[in-house]
Amino acid sequence: MRTRLAVAALAAGIGCSRPEPPPLPPPLNPTGVWEGTLKSGDDAHSIRLSLESDSSGLRGYLDLPDQYAYRYAVKNLSVDGTAVSFDFPDALPAAKFTGTFDADRINGSVTTPGVSDSGAVQLLRRSGESVPYSVEQVRFANGEVPLRGTLFIPHTKGPHPGVVLLHGSGPQTRESYIRYFADQFARNGFAALIYDKRNTGRTDIPLWQQGSGAFADLADDATAAVRYLRARPDVADPRRIGLWGLSQGAWIAPLAADRIEGIAFLVLVSGGGVTPARQELYDDEVKLRARGFSAAEIKRAMSLLQRGNEYIRSQADSDWERFQSELASARNERWFAVLDSFPITLPRESPA
C-alpha cells in the first residue's frame, strides 16, 4: 500500500511540475525595406520592396533600377502568416512574386505568364533611407485643361534649379519611369516637377484618347508646368528652370521652349533630329533592310507610307483614293505584314 501511495504521489508531483509550453513567437512585422537581387539565368538585377502600413492597410512599393522603376505600387499584395505575394505593377511586364518570410529575410521567386522559368529572389531587411527631399502633390492648368503633378523639393537651402520632365507618347502618368528620373534630379539638388499627361485616368473617354493631343497642345501643357514652377520662387529659381524630355517629350520640350522665354536648359533623351513622319519612315526602312528585303521592295513600301502621310496632312479625298489604290496592291506584297499598323490603318477608318 505504501508503495502504491508513493507512486501515486510521485505521479501527481510530476503532473504539477510539467513545464509550460514555449511562448508563441511574436507576430510577424512585415513593414520595412527589403533589398536584394532578382536572378534570372545569368542576369542579376537589384530589387527593393518597401512595405508600409497605415489606416488603409498594408501597401507595397517596388523599385527596379534597371527598369527605371521607383516606388511603383504593387498589385494584389497579400501577407498571410509567413507567406507574401503580389503582382507586378501595370507599368512593368506582367509578373507575380511569391515568397516566404524567414526572420529578416524573404526568399521567393518571380514567375511570368507563358514562361516556364522563374527568377529567384532573395531580400534582406534594411534600415531603409531617408530621401533628401520632400514630395508635394500639386495642381495647375493649361487654360481649361486641369493637370495634376508631383513636385520634388530638395532639403537643401533653396531656391533650387528646377526641371520639368516630359513623358514619351501614350497615356503616361506620374506612376511611371518619369518618377525615377525626378528622384535622381531631386537627389542632386533640383526641384523636379512631373505631371500626368492630359486626360489620363479619366473614365469617360477611351484609353487610346488619354494623353493624346496635338504637339502644340502638349507643348502648352509643358509651358503651364514651367509657369507653375516659376510661381514657386521659394522652391525654384525662375532663372534656372529647364525641360527634360524623353522620346515624344524630346520633340515637345523644344516646342515648349519656343513658346516661353527664359528656359535655362534642355535635356533631350532619345530625341529625333527630324520630323515624326520622317522618323517613322526611317524606322520602317531600317526594319525592312534588316530583314533582307530588296531595295525595290523597300522603295514600294516607302511609297505606300508616304501616300498615307500625304492623306494625313491634307485630309483630301483625292489623296485618300490614291492611298487606297496603292494599298490594295501592297497587301499582296511579302513586306506588307512587317510594316507598322500606322499609317496603314488611318483615322478615317479607325479613330483609335
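The values are calculated or read from the model by the stated rules, or taken from the named source; none is laboratory data. If you're wondering where the values come from, they're calculated on a predicted model, not measured in any experiment. Virtual Cβ from ideal backbone geometry, glycine too; neighbours counted across all protein chains shown. Only protein heavy atoms, including side chains, enter the accessible area calculation; ligands, DNA and RNA are left aside. Shrake-Rupley method; radii C 1.70, N 1.55, O 1.52, S 1.80 Å.
All of G262, G292 fail the test of being modelled with pLDDT of 95 or more, at positive phi and in contact with a Lys or Arg (Cβ under 9 Å, 6 or more places away or on another chain), apart from G262.
Just to be sure before I move on: is G189 in a loop (DSSP other than H, G, I, E, B), open to solvent by less than 30 Å² (accessible area, probe 1.4 Å) and modelled with pLDDT of 95 or more in the structure I sent? Yes; evaluated as a whole, the condition is true for this residue. Being free of Cβ contacts under 8 Å to residues at least 40 places away in the same chain and closer than 30 Å to Y180 by Cα is a property that holds for D258. Looking across segment 200-212, the residues that are farther than 24 Å from Y68 by Cβ, outside any helix (DSSP H, G or I) and not hydroxyl-bearing (S, T, Y) come down to R202, D204, I205, P206. Is at least one residue of segment 279-298 of a type in the set (S, T, N, Q), surrounded by 11 or more Cβ atoms within 10 Å (Cβ to Cβ) and part of a loop (DSSP other than H, G, I, E, B)? Looking for residues that are of a type in the set (S, T, N, Q), surrounded by 11 or more Cβ atoms within 10 Å (Cβ to Cβ) and part of a loop (DSSP other than H, G, I, E, B), one finds at least one in segment 279-298, hence yes.
Picking from residues in segment 107-132 that are more than 25 Å from the chain's Cα centre (by Cα) and more than 30 Å from T156 (Cβ to Cβ), the one that is least open to solvent (accessible area, probe 1.4 Å) is N107. Of all residues in segment 27-47, those that are open to solvent by 40 Å² or more (accessible area, probe 1.4 Å) have Cβ atoms under 7 Å from Cβ atoms of residues that are part of a loop (DSSP other than H, G, I, E, B), 6 or more apart or on another chain, in L28/T82. Among the conditions (1) modelled with pLDDT of 90 or more; (2) closer than 22 Å to Q279 by Cβ, A316 misses just one, which is (2). Determine, yes or no, whether H155 is open to solvent by less than 40 Å² (accessible area, probe 1.4 Å) and at pLDDT 95 or above. No; evaluated as a whole, the condition is false for this residue. A residue that is of a type in the set (G, A, S), open to solvent by 50 Å² or more (accessible area, probe 1.4 Å) and in a loop (DSSP other than H, G, I, E, B) can be found somewhere in segment 215-236. Of all residues in segment 299-340 being assigned to a helix (DSSP H, G or I) and of a type in the set (S, T, N, Q), which is farthest from A214 (Cα to Cα)? Within segment 299-340, the match that is farthest from A214 (Cα to Cα) is S329. Count of segment 158-186 residues, restricted to those that are open to solvent by less than 10 Å² (accessible area, probe 1.4 Å), closer than 30 Å to I205 by Cβ, small (G, A, S) and touching a helix residue (DSSP H, G or I) at 6+ places or on another chain (Cβ under 6 Å), is 1. Could you count how many residues in segment 164-186 are part of a loop (DSSP other than H, G, I, E, B), small (G, A, S) and more than 24 Å from T275 (Cβ to Cβ)? Number of matching residues: 1.
Of all residues in segment 266-301, those satisfying the criterion of being within 12 Å of E333 (Cβ to Cβ) and not hydroxyl-bearing (S, T, Y) are L288, F293, A296, E297, I298, K299, R300, A301.
Scanning segment 93-105 for residues that are open to solvent by less than 20 Å² (accessible area, probe 1.4 Å) and within 26 Å of Y177 (Cα to Cα) turns up A95, F97, G99. Of the residues making up segment 93-135, those that are over 17 Å from T31 (Cα atoms), β-branched (V, I, T) and at pLDDT 90 or above are V110, T111, T112, V121, V131, V135.
Residues that are crowded, with 19+ Cβ neighbours inside 10 Å and part of a helix (DSSP H, G or I) within segment 246-276 comprise Q248, G249, A250, W251, I252, A253, A256, A257, listed in sequence order.
For L147, indicate whether it is open to solvent by less than 70 Å² (accessible area, probe 1.4 Å), in contact with a helix residue (DSSP H, G or I) (Cβ under 7 Å, 6 or more places away or on another chain) and assigned to a loop (DSSP other than H, G, I, E, B). Against the criterion (open to solvent by less than 70 Å² (accessible area, probe 1.4 Å), in contact with a helix residue (DSSP H, G or I) (Cβ under 7 Å, 6 or more places away or on another chain) and assigned to a loop (DSSP other than H, G, I, E, B)), L147 does not qualify.
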